[in-house]
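Report on one structure; see the data block that follows.
What follows is calculated from the coordinates using simple rules that are stated; it is not laboratory data. These numbers were taken from a predicted model, which means no experiment stands behind them. Here the Cβ is made from the backbone with ideal geometry for all residues, glycine too, and neighbour counts use every protein chain on show.
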Amino acid sequence: MKIHEYQAKELFQAVGMPVPPGKVATTVQEAVAIADEINRPVMVKAQVHVGGRGKAGGVKYAENLEAAKIWAQRILGMDIKGLPVNKVLITEAVEITSETYLGIILDRVTKCPVIMISAAGGIDIEEVADKTPEKIHKLAVNPRVGLRPFEARNLAYKVFRDIKLVRQVTDIILKLYDVFWNVDASLVEINPLITTPINQVIAIDGKVNIDDNGLFRQPEIEQMRDLSAEDPSEIEAKKAGLTFIKLDGNIGCIVNGAGLAMATMDLVKHYGGDPANFLDIGGSSNPEKVLNAMRIILGDPNVKAVLINIFGGITRCDDVASGIVAAVKELNPEIPIVTRLTGTNEAKARKIMKEISLPTAPTLDEVVKKAIKLAGLNEE
Ligand code: GDP
Ligand code: MN
């Protein structure tokens, strides 16, 4: 689950990390009132679950109330990378002398939280990692022991020399680790962590992603969920009891089992397609689930073909086939649907597919190739 910058900063503030004063607004009047209260130049910042807001025009400096009003008017209702801006953070503008990147991720390779710090802050850290990885200093923290102060200090020294700055950054790293650990985060990030002309270190941006599997014990974090900022198809899928993640590709995938779903997506990539989603209909074979899955996938205009790959065990292929029939009747899809239904009751299922003239394929390899071909993606 993602939370907004203003919520991340609330978590930072709660552990005593320095962030500029500010509040969130949903209307222009509110924004102006907050700027008035701050009574200094402010930043007007779009609150959306995506990075690079600055480049997209969603982060603006306002010298006075008039400017704050104009920017709030312009940014509220804006669209950033497909996400509508319903909220703006109005926060005191600070003078910047340097921008540092500081982040912690849960690293699957070392199975540890990994802290990263880089003097190349403020900009796209993925690009730094790609082109100049030596500019990022890393430390894997032993999760049983936790982060020790000397380790945080050593990291701070990788980027800073001045002892006054090193002390502040050390403290921030330790506190950021506490936030990461205590909210079951999969990622926490400050980009940029800045220094001011009077040598203060302040977090002026904040990002916190929560591991969904930890949410059951994070009721306060769950309260922060902003449904209006989430992808509508993912919300619908959750209601329908489907495990669904929207992606940017063009082959819609309906699969049973997470492992098989991932293998299917890998093969789609391998043969030159691009999965539009991850979707696991789960172990039961309720036709209703298939219908809901089809509805969600067909609602995505990028999808050029639907690939249904079912390995029937407890899941009965004929039930899935009934779901497909219901979906075809109700939704009248205009794009090709290719199925591979194998395992329990597969003969029945294949007969049903034949009756509604949907193409089938016997193996995973073949169904993927067929889907890509019918989607018209691999014509050369
Ligand atoms: P992002 O683009 O979504 O990562 O949003 P940020 O909050 O990181 O803001 C983008 C950029 O705007 C930062 O890297 C800064 O260069 C600039 N910026 C943000 N807040 C301030 C501020 O208070 N003062 C100044 N001078 N620049 C700021
Ligand atoms: Mn940023």
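Only bridges with both residues in the chain count here: give the DSSP antiparallel percent, nearest 5.
Antiparallel: roughly 75 percent of the beta bridges in the chain.
If I take every Cα pair under 8 Å that is 6 or more residues apart in the chain, average their sequence separation and divide by the length, what percent do I get for the relative contact order?
12
Quick check: convex hull of the Cα atoms in the range 228-380, volume per residue, rounded to a whole Å³?
98
Using a simple spin-label model with points 7 Å from Cα along the Cα→Cβ vector, what separation in nm is obtained for I70 and R148?
Label at I70, label at R148, 5.6 nm between them.
Can you tell which of I38, G16, G257 lies farthest toward the positive end of the dipole of the chain, using +1 and -1 charges on the Cβ of basic and acidic side chains (Lys, Arg; Asp, Glu)?
Farthest along the dipole direction, towards plus: G257.
Students often get this wrong, so check it: of K2/K45; K81/K289; K87/K238, which have C-alpha atoms separated by over 28 Å?
On the way: K2/K45 17 Å; K81/K289 30 Å; K87/K238 24 Å.
Check vs 28 Å cut-off fails for K81/K289.
Counting other Cβ atoms within 10 Å, keep those with at most 12, restrict to DSSP loop, and tell me which trypsin sites (Lys or Arg not before Pro) in the range 110-141 are left.
Numbers: sites: K111, K131, K135, K138; in loops: K111.
Loop-located and lightly packed - K111.
Mind pulling the per residue volume of the convex hull built on the Cα atoms of the chain? Å³ is fine.
So the per-residue hull volume is 163 Å³.
Which of the three applies to the range 1-156, rounded, prolate or oblate, going by the alpha-carbon gyration tensor with a ≥ b ≥ c and a/c under 1.5 meaning rounded?
It is prolate, given that a/c is not under 1.5 and a/b is the larger ratio.
Which aspartates and glutamates have a Cα lying under 16 Å from the Cα of K348, excluding residues fewer than 8 positions away in the same chain?
By straight Cα distance, K348 reaches D318, D319.
Determine the dipole magnitude for the range 98-222: charges of +1 sit on the beta-carbon of Lys and Arg, -1 on that of Asp and Glu, nothing else is charged, the reference point is the Cα centre, and the result goes in debye to the nearest 20.
On the way: 15 positive and 18 negative charges, 140 e Å.
That gives the range 98-222 a dipole magnitude of about 680 debye.
Mind jotting down the distance between the C-alpha centroids of the range 276-297 and the range 63-122, whole Å?
Here the answer is 36 Å between Cα centres.
Tell me which GluC sites (Glu not before Pro) from the range 165-244 have a DSSP coil assignment and no more than 16 other beta carbons within 10 Å of their own.
Answer in residue order: E230.
Which number gives the lysine pairs in the range 98-222 that have C-alpha atoms under 20 Å apart and are eight or more places apart or on different chains?
Going through the range 98-222 pair by pair, I get 9.
Toward the positive end of the charge dipole of the range 232-374, about the Cα centre and with charges on Cβ (Lys, Arg +1; Asp, Glu -1), which of N332, L298, I356 goes farthest?
Farthest towards the positive end: I356.
Taking the dipole about the Cα centre of the chain, with the C-beta of Lys and Arg at +1 and of Asp and Glu at -1, give me whichever of G313, S186, V128 is farthest to the positive side.
G313
Taking the range 98-222, how much of its Cα-Cα pair set, in percent, is spaced more than 18 angstrom apart? All intermediate terms of the calculation are to be shown ahead of the outcome.
Values: 3974 of 7750 pairs.
So the portion of pairs separated by more than 18 Å is 51 percent.
How big is D for the range 282-358, in µm² s⁻¹ as a whole number, if Stokes-Einstein is applied with the Kirkwood radius of its Cα pairs at 37 °C and 0.692 mPa s?
267
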